[in-house]
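Just below is one structure, and these are the notes that go with it.
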Amino acid sequence: MKPKIIRIATVAMSLNLLLRGQLKFLNQFFDIKAVSGYDTDLEMVKKREGVQIIDLKMERKIAPVKDSIALIKLYFLFKSEKPTVVHSITPKAGLLSMIAAKYAGVPIRMHTFTGLIFPSKKGFMKKILILMDKILCFHATHIYPEGKGVQQDLLSYKITHKPLKILANGNVNGVDLDYFNPNDISEDVKNELSKKLGINKNDFVFLFVGRLVKDKGINELVTAFTKIQDENVKLVLVGPFEQDLDPLSPEVYFEIKNNKNIISVGFQTDVRPYMAISQALVFPSYREGFPNVVLQAGAMELPAIVSDINGSNEIITHNKNGIIIPVKNSDAIFASMIAIRDRKLYPFLKSNSRERIVSAFNQNVVWQSLLNEYNSLIDNV
């Protein structure tokens, strides 16, 4: 009988997007079960990855009553399933599942920090978030920062004294270099999408992929873009608004809706065509663990403008495969958007973009590293 491993995230979108292909690969060696609240993303995980799914709703926000209910449900789930490993990848799921798994007697309790929330917060909320991560780590047996920046923050804030291990080169899933390949997007597809979006052949297209929220730097990005007085420069935004959780300023929201050179297309299941018609990624996020979109864009030969934060500054080398700028600085975003269009600099950055991803973040390497880690831990139970 194969060892049972439960992979868990607060919302199913994390399992669907962050772990694409990984669960199917691991299911060859283990009995993998995916746990999250049920929705279309969890159903997609079931169909694509071929693993059993379990519906267990958790709240992203702090919600004491609902969190307590989820904690109890997780405890009884783990007592029933008797997994050898519980492995979580998002903050709330990590906190609840590590506590429940410990008291349910799960021997191996793993949490991967794909990003830290507390460094960007202040006051009482920051203290609460730090305490939550300390409780998470206390109940986990093994802790994995997604990159060196996350590792350093965990050490600096004394979140735990347990060993912190980075698998492979840090990213949670690596990049499928066959899937994210610019040569796989035909000219017909690119021409059709450009026509649909009103993008002309001579336009320089900046791209953002992610949630359109304050923490992703969208306020600063749109503010910077509006300073560019060139009708042949476009900004394509791929991702959903979350005005209830992390709203944009009213002025920026209005600008996105009314500026004809800003093209907002909402959430897209396949971002490759949008990368294929763009010239550069702009990703001015306030905080990340190890952003997949920067890896994916690099694989699609897009240089990137990124903020100087964990993960992004481990993928991008300044003036080699992109430009690194200060956090929360619209003037720096504007200057970099002007600079990257330089006729000499741009081809150089573009030529190095895919090479960096191929050399360090091949998906096969990441998956094999995780497989080896599971086998090593299980062999020592």
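The values are calculated or read from the model by the stated rules, or taken from the named source; none is laboratory data. Predicted model, so just to flag it, every value in this text is computed and none were measured. We place every Cβ from the backbone using ideal geometry, glycine too, and count neighbours over all the protein chains shown. We work out accessible area using only protein heavy atoms, side chains counted, and drop any ligands, DNA or RNA first. Shrake-Rupley method; radii C 1.70, N 1.55, O 1.52, S 1.80 Å.
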Based on Cα coordinates alone, diagonalise the gyration tensor for the stretch 317-366, multiply each eigenvalue by 5, take square roots, and list the semi-axes in whole Å, largest first.
25, 15, 6
Counting pairwise Cα distances across the chain, what percent come out greater than 33 angstrom?
31 percent
List the relative contact order of the stretch 1-158 as a percent without decimals, with contacts defined as Cα pairs under 8 Å and 6+ residues apart.
20 percent
How long are the three semi-axes of the equivalent ellipsoid of the stretch 265-323, in whole Å, if each is the root of 5 times an eigenvalue of the C-alpha gyration tensor, listed from largest down?
19, 13, 9
Just going by the charge dipole of the stretch 283-354, with Lys and Arg at +1 and Asp and Glu at -1 on Cβ, which of 298, 330, 349 is farthest out on the positive end?
349
Selected from 199, 285, 38, residue furthest toward positive end of dipole (the chain; charges at beta carbon):
38
Total charge dipole magnitude, the stretch 216-261, about the Cα centre, Cβ charges on Lys, Arg, Asp, Glu only, Debye to nearest 20:
180 debye
Normalised by the residues of the chain, what does the relative contact order come to in percent, with Cα pairs under 8 Å and at least six apart?
14 percent
What is the local net charge at residue 300, summed over the other residues whose Cβ is closer than 11 Å to its Cβ (Lys, Arg +1; Asp, Glu -1)?
+1
If you take every residue apart from residue 325 with its C-beta less than 12 Å away from the C-beta of residue 325, what net charge results, scoring Lys and Arg +1 and Asp and Glu -1?
-2
Largest first, how would 139, 318, 161 line up by accessible area (1.4 Å probe)?
161, 318, 139
Averaged per residue, what accessible surface does the stretch 1-141 expose to a 1.4 Å probe, in Å²?
45 Å²
Would you please give the residues with an amide H less than 5 Å from that of residue 241, counting only those at least 5 places away or on a separate chain, with H modeled from the backbone geometry?
212
Rounded to the nearest 20 debye, what is the charge dipole size of the chain about its Cα centre when +1 sits on each Lys and Arg Cβ and -1 on each Asp and Glu Cβ?
920 debye
Cα gyration tensor, the stretch 76-154 - rounded (a/c under 1.5), prolate or oblate:
prolate
Farthest toward positive dipole pole in the stretch 18-130 [+1 Lys/Arg, -1 Asp/Glu at C-beta], among 91, 77, 116
116
Show which aspartates and glutamates lie in cross-link reach of residue 195 when reach means a straight Cα distance below 15 angstrom and same-chain residues fewer than eight apart are skipped.
187, 203
How much net charge surrounds residue 92 when only the other residues with a Cβ under 14 Å from the Cβ of residue 92 are counted, with Lys and Arg +1 and Asp and Glu -1?
+2
Whole number please: convex hull volume per residue, Cα atoms of the stretch 250-381, in Å³.
151 Å³
Percent RCO, i.e. relative contact order, over the stretch 179-281, from Cα pairs under 8 Å lying at least 6 residues apart
39 percent
When each of 234/344; 61/92; 24/46; 79/134; 33/73; 121/165 is checked by Cα-Cα distance, pairs over 19 Å:
234/344; 79/134; 121/165
Magnitude of the Cβ-charge dipole of the stretch 1-73, K/R +1 and D/E -1, about the Cα centre, nearest 20 debye?
140 debye
Per-selection Rg to Rh, the stretch 179-218 - Cα, Kirkwood hydrodynamic radius
1.07
So, for the stretch 248-307, what is the accessible surface per residue at a probe of 1.4 Å, expressed in square angstrom?
32 Å²
Taking a crude spin-label model, label points 7 Å out from Cα along the C-beta direction, the residue 227 to residue 24 distance in nm is 4.5 nm
Heavy-atom accessible area of the stretch 42-91 with neighbours in place, 1.4 angstrom probe: carbon+sulfur share in percent works out to 61 percent
Rounded to the nearest 500, the 222 nm mean residue ellipticity computed for the chain from DSSP H runs (n ≥ 4, each -39500 (n - 2.57)) alone is -13000 deg cm²/dmol
Shape call for the stretch 43-110, from the Cα gyration tensor axes a ≥ b ≥ c (a/c under 1.5 means rounded, otherwise prolate when a/b beats b/c, else oblate), comes out oblate
